[in-house]
1. Kindly provide the set of residues from region 135-169 that are open to solvent by 10 Å² or more (accessible area, probe 1.4 Å) and within 13 Å of ligand 2 (Cβ to nearest atom), ordered by number.
2. Pairs please, first residue from region 20-31 and within 14 Å of F154 (Cα to Cα) and more than 14 Å from ligand 2 (Cβ to nearest atom), second anywhere and of a type in the set (V, I, T) and assigned to a strand (DSSP E or B), Cβ atoms under 8 Å, 6+ apart in sequence or on different chains.
3. In region 9-27, which residue that is buried (at least 24 other Cβ atoms within 10 Å of the Cβ) and not in a helix (DSSP H, G or I) is nearest to ligand 1 (Cβ to nearest atom)?
4. Just to be sure I understand, how many residues within region 277-288 are surrounded by fewer than 19 Cβ atoms within 10 Å (Cβ to Cβ) and within 17 Å of V150 (Cβ to Cβ)?
5. Could you tell me which residue of region 86-108 is farthest from I62 (Cα to Cα), considering only residues that are under 19 Å from the mean Cα position of the chain (by Cα) and assigned to a loop (DSSP other than H, G, I, E, B)?
6. Scanning region 68-85 for residues that are assigned to a helix (DSSP H, G or I) and of a type outside the set (A, V, I, L, M, F, W, C), which turns out least open to solvent (accessible area, probe 1.4 Å)?
7. Looking at region 34-56, is at least one residue over 17 Å from A157 (Cα atoms), touching a Gly at 6+ places or on another chain (Cβ under 7 Å) and free of Cβ contacts under 8 Å to residues at least 60 places away in the same chain?
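The values are calculated or read from the model by the stated rules, or taken from the named source; none is laboratory data. If you're wondering where the values come from, they're calculated on a predicted model, not measured in any experiment. Cβ placement follows ideal geometry from the backbone for every residue including glycine, while neighbour counts extend to all protein chains displayed. The accessibility values were calculated without ligands, DNA or RNA, using every heavy atom of the protein model including side chains. Shrake-Rupley method; radii C 1.70, N 1.55, O 1.52, S 1.80 Å.
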Amino acid sequence: MSTPINSAVIDQACGVLERGGIVAVPTETVYGLAGRIDRPEAIRAIFELKGRPLFDPLIVHIGEPVQLGALTRDVPEVLALISERFWPGPLTIVLPKSEAVSDLITAGFPTVGVRMPLHPTAREIARRMIFAAPSANRFTRVSPTTAEHVRSEFPDAGLLIIDGGESEHGLESTVIDYVGDVVRILRPGMITAEQIESVLSERFPSTKVISASSAAAPGQLKEHYRPAIPLVIVSESTSISAALMKDLGIQGEQSIELELGADPILLARRLYSDLRTLSDLGADFIVVRKRADMQGGYWNAIWNRLERAATAIIP
Ligand code: TXA
Ligand code: MG
């Protein structure tokens, strides 16, 4: 899915980053807005361009395990095993931060979220220079999974956008931390609790993996991932009436349904793209029908995003 890596473009991007600029970078999760961690002007520009509040920390990207040494002092064995198994890939690990990581990046927290991306372009840039990157969307909006999405988020920014094809996973990375022999999933993603448990089961049988409340992860606001028109989640049997919509404070009667299909991996890949497309078709609101069997595993990540995207949820 990802287009081949283009070293001239990577050189150009690294030049911009070197000079304290920012660049939109493709990753296997979603596109990111990258700035070098040792260029405060770049980090400030990222927050400004996104309209992101300063209490929401950025994820730091590395290309090789050895680069972790610059970001944190010690990595607990449990997290070392998890990183060996899932990096490069869609997993962010929260660790105690070193001096090299500014409070601006971590929003004042003593920890830093680190990820080693699998996408060859993002990984090559990270090998050359450690960069911080949030998703390349305006604050509260749906994350971009193509270069075109990034362009439409920031049409006038004169931003260098590297086209690396459609993001393979389509949802942001799983975020975990490790506190008191418990691995907490702070943001569910395409690395699931079940997968992490199975990696730990042999060497660390007493370590628990739990789904943490959204309060544990800064920036996991209730209103997030918002499409341009309202979205409602209903059960299979709910009938959509004008009166119901009016009760929910939704104007207009023209609905359009987001077809979920049966495969959460395929759905994740197209979810944000579909939300953008459906918002542009002239309907008043988007309807999502949740079936009882759509839960556990990858579905956790899907519902985590859709429930935050929703204006209303009718069980
Ligand atoms: O897949 C991804 O992670 C993408 C690509 C670009 O790598 N990035 C991404 O970044 O989704 P962003 O900024 O949209 O999400 C960052 C979230 C924060 O809102 C927070 O929930 C969590 O990651 N996070 C980052 N640093 C943290 C920390 N020190 N402690 C707890 N949570 C943290
Ligand atoms: Mg984001």
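1. Within region 135-169, S135, R138, F139, T140, R141, H149, E153 meet the criteria.
2. Note: pairs meeting the criteria are V23/I161.
3. So, considering only residues that are buried (at least 24 other Cβ atoms within 10 Å of the Cβ) and not in a helix (DSSP H, G or I), the one nearest to ligand 1 (Cβ to nearest atom) is T27.
4. Residues that pass the stated criteria total 2.
5. A107
6. S83
7. Within region 34-56, one or more residues are over 17 Å from A157 (Cα atoms), touching a Gly at 6+ places or on another chain (Cβ under 7 Å) and free of Cβ contacts under 8 Å to residues at least 60 places away in the same chain.
One line per residue, one yes/no per condition, for (1) of a type in the set (V, I, T); (2) at pLDDT 95 or above; (3) outside any loop (DSSP other than H, G, I, E, B):
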position: T121; (1), (2), (3): yes, yes, yes
position: R127; (1), (2), (3): no, yes, yes
position: E148; (1), (2), (3): no, yes, yes
position: A157; (1), (2), (3): no, no, no
position: D163; (1), (2), (3): no, yes, no
position: D177; (1), (2), (3): no, yes, yes
position: V183; (1), (2), (3): yes, yes, yes
